[in-house]
Amino acid sequence: MLVGFVLFLSACVVGGRGKPTIISDFADTHGRSGAHAGVDFVGNSTILAAADGIVYTVRTPNFNTGCGGQIIIWHIEKARFTAYCHLSSIDVEEGSLVRRGEVIGQMGDTGSGNWPVHLHFEVNSVGKSHEDGVLWEGKSLENPSKYIVGCFDPSATYPENEFVLTYPVSCD
């Protein structure tokens, strides 16, 4: 059911008690030469898989790129990847199957960036590399906010024929 489907989130506050706050939205420039490639969240530090998928890449928190600790999940049936960056710890391994709402790591401040502890979250429909040329080659990035329907609810039924995400940050 797509009632309450979020087409675009506010650039500053998602709102509601416990819901994550957006500190930098998709395409914000903040004085940089290029547009922001994802959405940055602060809030509860527990990071959740936003949809079912296979862990494609894991980079430890000491990995020396802009993303620092990173998890990339392949949503094979939807032909998209989600990327979770700046993680302080990672709770999954490459090749493992993850379910929507499963804890996959903890928010951190690894890699580069001007923000405090936060999660940088991306959606890519091509699947070639992000910053280092390894994975989002075509940089066919999409605004994650247009797919987020709300907080993870274990009793909810999510549409199978559409790409639907829940917040990648725990709302608890």
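Each value in this text was obtained by applying a stated rule to the coordinates, not by laboratory testing. Quick caveat, the model's predicted, so the values are computed rather than measured. Neighbour counts are summed over all protein chains in view; Cβ atoms, including those assigned to glycine, are modelled from backbone coordinates with ideal geometry.
Could you tell me the calculated FRET efficiency between residue 89 and residue 161, based on Cβ-Cβ distance and R0 = 41 angstrom, to the nearest 0.05? Let's see the in-between values first.
Values: r = 34 Å, r/R0 = 0.84.
Efficiency, rounded to the nearest 0.05: 0.75.
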Packing-based ranking, highest mean first, of 144-151, 117-124 given that Cβ atoms within 10 Å are counted: 117-124, 144-151
Ranked packing of 100-107, 68-75, 54-61, most packed first, by mean Cβ within 10 Å: 68-75, 100-107, 54-61
